[in-house]
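Single-structure report; data block below.
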Amino acid sequence: MKKTMFTTVITISILFTHLQSFSQLSSSKIDSLMQEAITKLKVAGAAIAVVKDGKVIHMKGYGVSSIDTKQSTTEFTSFQIASNSKAFTTAALSILVDEGKIKWDDKVKNYIPEFKMYNEYVTDNFTIVDLLTHRSGLALGAGDLTFIPDGADFTVKDITTIFQHFKPVSAFRTKYNYDNLLYIIAGEIVKRASKMSFEDFIQKRIFQPLQMHNSFIGDSLINEVKNLATPHSTATGTLKTINRFNIGMIGPAGGIYSNVDDMSKWMIMQLNKGKYGNDLKSTLFSSANSAKMWTIQTVLPNYVSERYNTHFNGYGLGWQLNDVKGNLVAMHTGGLPGMLSQVTLVTDLKLGIVVLTNTESGGGSLAFAVSRAITDSYFGLDDAHWIDNRARNLTKNVNTTDEATKRIWEKVDSLKHIKIKNEDYIGMYEDRWFGKMEIFMKEKQIWIKSLRSPKLNGPMYFYNTNTFAIKWEYQDMNCDAFATFTFTEKGKVQSFNMKGISPSIDFSFDFGDLNLIRVR
């Protein structure tokens, strides 16, 4: 009897300790987690908000907005949220659907007659939903060179007809390949259907009702922001500030500035399926359209995970969707040079997490690790030490990338003594959608420049028989490239193609989509 009672007490004690280790993270625990992540992942600044059952349970900024000014990051610090803007675009379209001004299956050409895809059938059948679901048949990041690096002169008018010049890599609606430009077209649908600019629509129909008073689109208001996060990079091995990315035309795809205080209101509305306000009597969009946005449109490969017991994975309308321990999770990340963000909504638990950071590349690792640690605690899972895991992976990836690019530039340096007939390459070349690039001599060095994207200019160095390595003057991102030339039978240079040098180059540098033919 005594032995049985003793064993029962021990069992209960062990079970209690076990349950304690699975407890949901408190505000103080989240605070400690963020402090640890900032240090281990070498992030200048970050901010987080966690909401549960319609209330904010933790909201705070960490580190600095800029290592130069030392201004502290707070919950009101404004960050570029990048591709987390896409969910605002789908919300805007949802409002228009509710008002009967558009239908999800409407053809794009009905609103934008000049819209053209790569063949007539796809053009005629491309719907509003197709704009939002990354299933166009085009390659990953097709056409992103129109806006990255920033400062190019492409406009929305250019984008409406640019897709006809790309070769599809898969059949229409059969494969997921992430796309930014089609969200710009979605923003144009908002403009034409509402008779209001996309920026004004988001401001008046979403930001103002939700009282997101410190959120805006584009760069016009940045001078009025009291605490604006400066982007940082560790690409050179040390933490340094870089230039802020100019939003230009990409507002619907990635142009929103916000802070975690405002984003907490956005998450609470989303978790309440479009309802907002103290009594939830106001509606931004219908529950039917909330369900539409959180319904998989494009299926993604499911990853086998005993830890999370995941059964499906896919993309909805501006949200990536999967299930974790029987709970629907809607999530999205965002990235611009030196700015990374992540929004995670566990819809069944009414749990939302937003993390905004100002450092590349540790910021993405921080957002992932902290968000995963918090959600794990709600799923009753043990501590997986996500911060240490991400730190190890980050170091490994950086070392691998650095080693690969280092070998290439060492080879370039070893070949500088080789004499090349530079005049064979000098001339004007043109791609059907990207426009002209010129190769010319500058201070006894052969150079290349884009006429439409002025930051893409820099010296070219011999690499092998018909290939040069380009060191762009733009170094805010790791995007140096190879240019490989083709020749006529008579040995005259007739064209060249490009590809990134770094194995981890951002997919938006879609150099592989260029075919530059000599025109002079």
Screening F172, F154 for residues that are part of a loop (DSSP other than H, G, I, E, B), over 22 Å from P337 (Cβ atoms) and in contact with a Ser or Thr (Cβ under 9 Å, 6 or more places away or on another chain) leaves only F172
Of all residues making up segment 439-463, the number that are in contact with a Pro (Cβ under 9 Å, 6 or more places away or on another chain), surrounded by 14 or more Cβ atoms within 10 Å (Cβ to Cβ) and either without any contact (Cβ under 8 Å) to a residue 24 or more places away in the chain or of a type in the set (F, W, Y) (or both): 1
Restricting segment 43-58 to residues that are in a strand (DSSP E or B) and β-branched (V, I, T), the one surrounded by the most Cβ atoms within 10 Å (Cβ to Cβ) turns out to be I48
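Every residue, every condition in (1) in a helix (DSSP H, G or I); (2) over 22 Å from the mean Cα position of the chain (by Cα), yes or no:
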site: A186; (1), (2): yes, no
site: I189; (1), (2): yes, no
site: I206; (1), (2): yes, no
site: Q211; (1), (2): no, yes
site: D219; (1), (2): no, no
site: R244; (1), (2): no, no
site: I247; (1), (2): no, no
site: L280; (1), (2): no, yes
So, K116, is that one touching a helix residue (DSSP H, G or I) at 6+ places or on another chain (Cβ under 6 Å), among the charged types (D, E, K, R) and surrounded by fewer than 18 Cβ atoms within 10 Å (Cβ to Cβ) or not? no
Kindly indicate which of S66, S94 is small (G, A, S) and either under 30 Å from N393 (Cα atoms) or part of a loop (DSSP other than H, G, I, E, B) (or both). S66
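Look through T333, T375, T359 and report the one residue that is among the β-branched types (V, I, T), under 24 Å from I184 (Cα atoms) and either surrounded by fewer than 17 Cβ atoms within 10 Å (Cβ to Cβ) or touching a Leu at 6+ places or on another chain (Cβ under 8 Å) (or both).
Working: T375 fails: under 24 Å from I184 (Cα atoms); T359 fails: under 24 Å from I184 (Cα atoms).
Only one candidate qualifies: T333.
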Subset of segment 235-262 that is hydroxyl-bearing (S, T, Y) and at pLDDT below 95 - its residue that is surrounded by the fewest Cβ atoms within 10 Å (Cβ to Cβ): T238
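For (1) among the charged types (D, E, K, R); (2) under 26 Å from the mean Cα position of the chain (by Cα), each residue gets a yes or a no:
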| residue | (1), (2) |
| --- | --- |
| V398 | no, yes |
| F434 | no, yes |
| K442 | yes, no |
| I448 | no, no |
| F462 | no, no |
| N466 | no, no |
| A469 | no, no |
| M477 | no, yes |
Qualifying residue in segment 301-311 (condition: in contact (Cβ under 8 Å) with a residue 24 or more places away in the chain, under 28 Å from T174 (Cβ atoms) and assigned by TED's automatic domain parsing to the domain that holds I67): yes
Within 24 Å of F507 (Cβ to Cβ) and assigned by TED's automatic domain parsing to the domain that holds G274, is that true of I184? yes
Given (1) basic (K, R); (2) modelled with pLDDT of 95 or more; (3) surrounded by fewer than 16 Cβ atoms within 10 Å (Cβ to Cβ), index of the condition K490 fails: (2)
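Does G100 satisfy being free of Cβ contacts under 8 Å to residues at least 24 places away in the same chain, in the same structural domain as P231 (by TED's automatic domain parsing) and part of a loop (DSSP other than H, G, I, E, B)? So that I can check it myself, show each step before the final result.
Numbers: free of Cβ contacts under 8 Å to residues at least 24 places away in the same chain: yes; in the same structural domain as P231 (by TED's automatic domain parsing): yes; part of a loop (DSSP other than H, G, I, E, B): yes.
Answer is yes for this residue.
The values are calculated or read from the model by the stated rules, or taken from the named source; none is laboratory data. All figures in this text were calculated on a predicted structure; none of them were measured in a lab. With ideal geometry, Cβ positions are generated from the backbone for all residues, glycine too; neighbour counts draw on all protein chains shown.
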